[in-house]
Amino acid sequence: MFHQPNHIHFSLPSWLDSYASTYNLSPSLEERVKFVIGASRKNVEEGSGGPFAAAVFESGMGKLVSLDVNLVLTQKSSILHAEMVAIVIAQLKLGEYDLGGSDMPAHELVTSTEPCAMCFGAIPWSGILHLVTGASSEDAKAIEFDEGPKPENWIEELESRAIRVTTGVEREAAREVLQLYARTGGHIYNSRKC
């Protein structure tokens, strides 16, 4: 007999709330990126997922809306990339699927690494108006993560939809987290080599 769950549930790492509470409201983009990179590092050190983190902030003063990390391995779901989880949590918290709605402040997505093909695809539908990244896709590929078939001109694609893109903020610090993950034997969880 066919049975499908009527409720989807995933768990966030127990350390995430206490880490999020260390965030001090900051108009500095660099400080917000450092905070997100710190979460990616903690995710590696705690063994609670892959070397990626993402957060949704209100643009401008930088009010934190959601902070999340990669949960692919611990929750056994290929869609639980940090960006996807951060977007879902922000939308649930705010009660809106469109984070760029005219009745709310502009929101930005800050990621420790440039988005893969799946996360790239989710950004325009989320309503995010500014994407900020640390490490590059090449940095992720250097430790053998497969970023998928993202368009070469992905930045221009987002900008053509009025989504501003800022890349390479604190790139060295973000790249170091990826390298730490590789050095400490972190599982590179590509589905299959293409």
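A few comments on the model shown:
- ILE188 in contact with a helix residue (DSSP H, G or I) (Cβ under 8 Å, 6 or more places away or on another chain), modelled with pLDDT under 95 and of a type outside the set (Phe, Trp, Tyr): yes
- Of all residues in the range 26-46, those that are farther than 13 Å from LEU67 by Cβ have Cβ atoms under 7 Å from Cβ atoms of residues that are among the basic types (Lys, Arg) and surrounded by fewer than 24 Cβ atoms within 10 Å (Cβ to Cβ), 6 or more apart or on another chain, in SER26/ARG32.
- Checklist (1) open to solvent by less than 40 Å² (accessible area, probe 1.4 Å); (2) under 22 Å from GLU170 (Cα atoms); (3) small (Gly, Ala, Ser); (4) at pLDDT 95 or above applied to SER21, failing item: (1)
- Among (1) in contact (Cβ under 8 Å) with a residue 40 or more places away in the chain; (2) in a helix (DSSP H, G or I); (3) open to solvent by 30 Å² or more (accessible area, probe 1.4 Å) - the single one ILE123 does not satisfy: (3)
- Residue match in the range 69-82 (condition: in contact with an Asp or Glu (Cβ under 8 Å, 6 or more places away or on another chain) and open to solvent by less than 70 Å² (accessible area, probe 1.4 Å)): yes
- Residue that is modelled with pLDDT under 95 and among the charged types (D, E, K, R), where the choices are GLU156, GLU147: GLU147
- Residue match in the range 155-162 (condition: touching a Phe, Trp or Tyr at 6+ places or on another chain (Cβ under 9 Å), in a helix (DSSP H, G or I) and open to solvent by less than 10 Å² (accessible area, probe 1.4 Å)): yes
The values are calculated or read from the model by the stated rules, or taken from the named source; none is laboratory data. Only a predicted model underlies this, so the values are computations on that prediction, with no experimental measurement involved. FYI the Cβ positions are ideal-geometry reconstructions off the backbone, even for glycines, and counts take in every protein chain you see. Side chains included, ligands, DNA and RNA excluded: accessible areas come from the protein's heavy atoms. Shrake-Rupley method; radii C 1.70, N 1.55, O 1.52, S 1.80 Å.
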